[in-house]
Amino acid sequence: MNMAVVPAKNEQGRIGKVLTLLKKTPVEKIITIVNGSRDNTMKEIKSLKIGSVEILYFTPELGIDIPRAIGAYHAYKSGATSVIFVDGDLIGDIETQVIDLIHAVVYQQVDLAMTNCYPDLVYSSDLAEQILLFRSLLNLKLGLYDKIGVASPSHGPHAVSRRLMELVDFKDFAIPPVILAFAACSGLSIDVATKLPQEQLGSTIRNYAHAKKIADTIIGDTLEAINYFNGKPRTRCFLYKEYLGYNPLRRFDILEKFLVMN
């Protein structure tokens, strides 16, 4: 069964568009992880009356990517043969990309299928350039740069196979680049299945302070992935700077409890 995992926090006005789009794709079950919402996200989802939507509700904010890990584990336990990850704020026209990603996993036996969000490597900002530099370093280290460029499960819709889920530590879904490093270490099939320029994703535009925190989060995650691949402690440090970003707000305690109890 093809399943989608959709994290949603304060996505009123957007989540309905995402779920309605997914309903038009080969996705057979949509797992929405509502967490820390203070708006009408939950009400909007329920008002759609989409039978294939299952809601996992958490009162506290789980932090970036923790919902992805919870959703992945729940999908796996529910018998998913493929899982696609789509953020709850991506209101761009991504139907074709979702279909491409599912097709790659189901029919081409790709274990980690990603979206190329920088097909022309045009940097929209200094922060984007920094992020892509570290993503390039990781993909070069993995020996995958010529094949996947700067693609990363941190950015854009992506999909995984059941084969990957049978081997992985689900906590690592909360640090997306580690999933890429894990797949490379495990000899799994990795590919870019589709492309969608960053500006067409339709994700929420926020302020610079948030963008800087996101950049530090992704860079720190990428450093963890490099260290994981090298068999070293998973530090987030580079040149005496520790890239924390939003990492301290990730509720690994709730994730670990969910994994034990379900």
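The values are calculated or read from the model by the stated rules, or taken from the named source; none is laboratory data. Only a predicted model underlies this, so the values are computations on that prediction, with no experimental measurement involved. Glycine also receives a Cβ, built like all others from the backbone with ideal geometry; neighbour counts cover every protein chain displayed.
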Q.
Against the condition under 24 Å from Gly36 (Cβ atoms) and not β-branched (Val, Ile, Thr), how does Arg250 come out, does it pass?
A. yes
Q. In the range 1-74, which strands (runs of 3 or more DSSP E) lie fully inside it and hold 1 or more residues that are modelled with pLDDT of 95 or more and hydroxyl-bearing (Ser, Thr, Tyr)?
A. 29-35, 53-58
Q.
hydrophobic (A, V, I, L, M, F, W, C) and within 15 Å of the chain's Cα centre (by Cα): which single residue out of Ile84, Ile55, Ile91 fits that description?
A. Ile84
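Pick from Lys257, Lys232, Lys212: which is over 27 Å from Glu95 (Cα atoms) and not in a helix (DSSP H, G or I)?
Exactly one of Lys257, Lys232, Lys212 is over 27 Å from Glu95 (Cα atoms) and not in a helix (DSSP H, G or I), namely Lys232.
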Q: Quick one: which residue in Asp111, Asp89 is of a type in the set (Asp, Glu) and within 19 Å of Leu22 (Cα to Cα)?
A: Asp89
Q: Spot the failing condition for Asp93; the list is (1) in contact with a helix residue (DSSP H, G or I) (Cβ under 8 Å, 6 or more places away or on another chain); (2) surrounded by fewer than 23 Cβ atoms within 10 Å (Cβ to Cβ); (3) modelled with pLDDT of 95 or more, and only one is missed.
A: (3)
Q. Looking only at the range 38-64, which residues are within 23 Å of Asn2 (Cα to Cα) and either touching a Leu at 6+ places or on another chain (Cβ under 9 Å) or surrounded by 24 or more Cβ atoms within 10 Å (Cβ to Cβ) (or both)?
A. Ile45, Leu48, Ile50, Ser52, Val53
Q. Taking the range 112-146, which residues are within 16 Å of Leu188 (Cβ to Cβ), touching a strand residue (DSSP E or B) at 6+ places or on another chain (Cβ under 7 Å) and either of a type in the set (Lys, Arg) or surrounded by fewer than 24 Cβ atoms within 10 Å (Cβ to Cβ) (or both)?
A. Leu144
Q. Can you tell me how many residues in the range 236-262 are among the hydroxyl-bearing types (Ser, Thr, Tyr) and in contact with a strand residue (DSSP E or B) (Cβ under 8 Å, 6 or more places away or on another chain)?
A. 1
**Q.** Considering residues of the range 69-84 that are surrounded by fewer than 24 Cβ atoms within 10 Å (Cβ to Cβ) and of a type outside the set (Gly, Ala, Ser) only, the residue farthest from Ser152 (Cα to Cα)
**A.** Lys77
Q. Failed condition for Phe85, given (1) farther than 18 Å from Lys171 by Cβ; (2) touching a helix residue (DSSP H, G or I) at 6+ places or on another chain (Cβ under 8 Å), with all others met?
A. (1)
Q: Identify all residues within the range 18-40 that are among the polar types (S, T, N, Q) and within 20 Å of the chain's Cα centre (by Cα); write none if there are none.
A: Thr20, Thr25, Thr32, Asn35, Ser37
**Q.** Residue selected from the range 97-136 under the condition modelled with pLDDT of 95 or more and in a strand (DSSP E or B), by the criterion nearest to Asp172 (Cα to Cα)
**A.** Leu112
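Hey, any hits in the range 14-32 for a residue that's touching a Pro at 6+ places or on another chain (Cβ under 9 Å), buried (at least 16 other Cβ atoms within 10 Å of the Cβ) and more than 14 Å from Asp87 (Cα to Cα)?
no
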Q. Restricting the search to the range 207-246, which residues are among the polar types (S, T, N, Q) and free of Cβ contacts under 8 Å to residues at least 60 places away in the same chain?
A. Asn207, Asn227, Thr235
Q. Are there any pairs with C-beta distances below 8 angstrom linking a residue in the range 159-188 that is of a type in the set (Asp, Glu) and in a helix (DSSP H, G or I) to a residue that is surrounded by 24 or more Cβ atoms within 10 Å (Cβ to Cβ) and modelled with pLDDT of 95 or more, with the two at least 6 apart or on different chains, and if so which?
A. Asp172/Ala69; Asp172/Val178; Asp172/Ile179
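Take the range 239-262 and flag every residue that is more than 22 Å from Tyr208 (Cα to Cα) and at pLDDT 95 or above.
Of everything in the range 239-262, those that are more than 22 Å from Tyr208 (Cα to Cα) and at pLDDT 95 or above turn out to be Arg251, Phe252, Asp253, Ile254, Leu255, Glu256, Lys257, Phe258, Leu259, Val260.
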